[in-house]
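The structure's right below; bear with me while I get my questions together.
We did not get these values from a lab; they are worked out from the coordinates using the rules stated. Being a predicted model, the structure only gives us computed values, none of them experimental. Cβ placement follows ideal geometry from the backbone for every residue including glycine, while neighbour counts extend to all protein chains displayed.
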Amino acid sequence: MKFPRRKFFGLAASVAVLPAVTSAGRAETYPSRPVHWIVSFLAGGANDIVARIIGQYLSDYFGQQFIIENRAGASGNIGMESALKSAPDGYTIAFVGPNNAISATLYQNLPFDFIRDSAPIAGMMRLTNVMEVHPSVPAKTLAEFIAHAKANPGKINFASPGVGTSPHLSGELLKVMTGINIINVTYRGASAALTDVLAGRIPVMFDNLPGSIGHIRSGELRPIGVTAARHVPTLPDVPAIAETVPGYEASVWYGIAAPKGTSPEIVEKLNQAVNSALIDRKVQARLAELGGEPMPMTPAEFGKLVIDETDKWGKVIRAAGIKAE
């Protein structure tokens, strides 16, 4: 049977637009069921706290639940691998932080390449880490701590939520820049590390400020310095480490990504929702309480941030000779 030429090309054209129509349809109805948001660290840490603040806003915004799933291990790489291997349909997204930029150099045999295998969605928040000590530690300033550490080389431990996390690298950067020898003790997450620091079993910790701010305000922990380049409003009396160690800086940033291949329409829809959250006064107030500031970005801007941070921390890891455990 032969089709008239005009009818044949009409059919071909209608078939050609089907994928676009289907994709657009999916984006228009997205999300039509709960979205799983994988946070690659234990509940109670800074990543988890921020994810739950933004996740609640997104649940209300879309009328569909954003379910926070904590999948800890291997400095966040177990959870990220799970997220990136999920279907690229927008129903699994991943919490992104400095550990993802750091792991790209630190781990030689990761089963994924974060930049290659992810689709950037949005920036969320920029904040600082804080160096804190148990009240039993004699040092009350960073200069005193450095002197204390130099008098006790290899005898002082510092807790971190995993090799290759930003708190770990904050400590390693201080070691490189001051010549002190303090020993990293790795935990499966910030909350587990904090438990031992609060109990006095480990004297020192670098932590994302949101996870420790309550303990600092209660006097359970003593802040020594913030890792940002300057003072932060949440801890106005705590100096930046850079004031004692010029050139020191280790800012923290959070964002969201999805598996590569996720529809650009869905990415844009999520980006708009996150940026809407970041101008909401209640969300801004909660982030400010945690010592953070909103970081609205386009998907392309967030993708560039990840690339730049991967390059920065790669240089630090190679210079310090840091190896994954």
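Can you give me the span-like helices of the chain, meaning DSSP H runs with 30 Å or more of Cα extent along the axis and Kyte-Doolittle mean at or above -0.5?
Membrane-span-like by this criterion, though nothing is claimed about a membrane: 299-320.
Another one. Straight-line reach only, C-alpha to C-alpha below 22 angstrom: list the lysines that LYS155 could link to, leaving out same-chain residues fewer than 8 apart.
LYS140, LYS175, LYS323
Sorted from fewest to most neighbouring beta carbons within 10 Å, what does the list ILE182, ILE102, ILE68 look like?
Neighbour counts put them in this order, fewest first: ILE68, ILE182, ILE102.
While we're on this one: Run the helix sum for the chain: -39,500 (n - 2.57) per DSSP H stretch of 4+ residues, divided by residue count, reported at 222 nm to the nearest 500 deg cm²/dmol.
Value at 222 nm, helices only: -14000 deg cm²/dmol.
Compute the separation of the alpha-carbon centres of segment 260-318 and segment 50-108 and state it in Å as a whole number.
Going from one Cα centre to the other spans 12 Å.
As an exercise, use a Förster radius of 41 Å and the Cβ-Cβ distance of TYR107 and GLU243 to find the FRET efficiency, rounded to the nearest 0.05. Intermediate values should be presented prior to the final figure.
Values: r = 33 Å, r/R0 = 0.81.
So the FRET efficiency works out to roughly 0.80.
Could you tell me what percent of the DSSP beta bridges with both partners in the chain are antiparallel, to the nearest 5? Write down the numbers at each step before the final one.
Working: 23 of 39 bridges.
Antiparallel bridges: around 60 percent, rounded to the nearest 5.
Can I ask one more? Check cross-link reach from LYS269 to the lysines: straight Cα distance under 19 Å, and skip same-chain residues fewer than eight apart.
The reachable lysines, counting only those whose Cα sits under 19 Å from LYS269, are LYS260.
Same structure again: Got a sec? Charge dipole of the chain, +1 on Cβ for Lys and Arg, -1 for Asp and Glu; which of PHE114, MET205, GLY314 is way out at the positive end?
Farthest towards the positive end: PHE114.
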